[in-house]
Amino acid sequence: MHYKGFILHHSHCSSINGKGFDFWVDPEGQAHAAPLLTDPDYIHICLEGNFNDRHPAATESGRKKQLFAAGKLILELAARYQISPLIIEPHGISCPGTFFPWNELVIYPSDGYH
């Protein structure tokens, strides 16, 4: 399959309800895969947590682990499916959340460093 990029969700998105994502990244940085990729155009990654909350329940170190794992997952999937890891879109206006730390999701595809 030829994917266009990635869609990011957070677990408080009303359309998730245990489905609608291909990979789930928990606050400890563990990635969990769904049995099948379901969208022919995008790979959907859900980060556990409510990023509409100014002060999320996850600890600072937990959030860093989670974002590091999400970035690493994006780089691995981009290499596997030959897509740009830089095409990352939000699921919607309120998902992955008003306070999602986009600037902390750091991806360096040129040298592989993250």
Subject >> Length released on extending from Glu60 to Gln30, taking residue separation times 0.36 nm less the Cα-Cα span >> reply: 9.2 nm
Original post:
So for the pair Gln82, Ser14, with labels modelled 7 Å out along Cα→Cβ, what separation do we get in nm?
Top reply: 4.1
**OP:** Grab the other residues whose beta carbon is less than 13 angstrom from that of Glu89, score K and R as +1, D and E as -1, and report the net.
**Re:** -1
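Within the set of other residues whose C-beta is less than 12 Å from the C-beta of Phe68, count the net charge using Lys and Arg as +1 and Asp and Glu as -1. Walk me through the numbers before you get to the answer.
Values: positive: Arg63, Lys64, Lys65, Lys72; negative: Glu28, Glu104.
Net of charged neighbours comes to +2.
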Original post:
Roughly how many Å is it from the Cα centre of region 62-103 to that of region 28-49, as a whole number?
Top reply: 10
Original post:
Computed FRET efficiency, Cβ-Cβ of Asn103 and Thr38, R0 25 Å: what is it to the nearest 0.05?
Top reply: 0.30
Original post:
Ile7: net charge of surrounding residues, Cβ under 13 Å, Lys/Arg +1, Asp/Glu -1, itself excluded?
Top reply: -3
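Taken together, the values in this text are just the output of simple stated rules run on the coordinates, not laboratory data. Since we're looking at a predicted model, the values are computed, not measured. Reconstructed Cβ throughout: ideal geometry from the backbone, glycine too, with neighbour counts over all protein chains shown.
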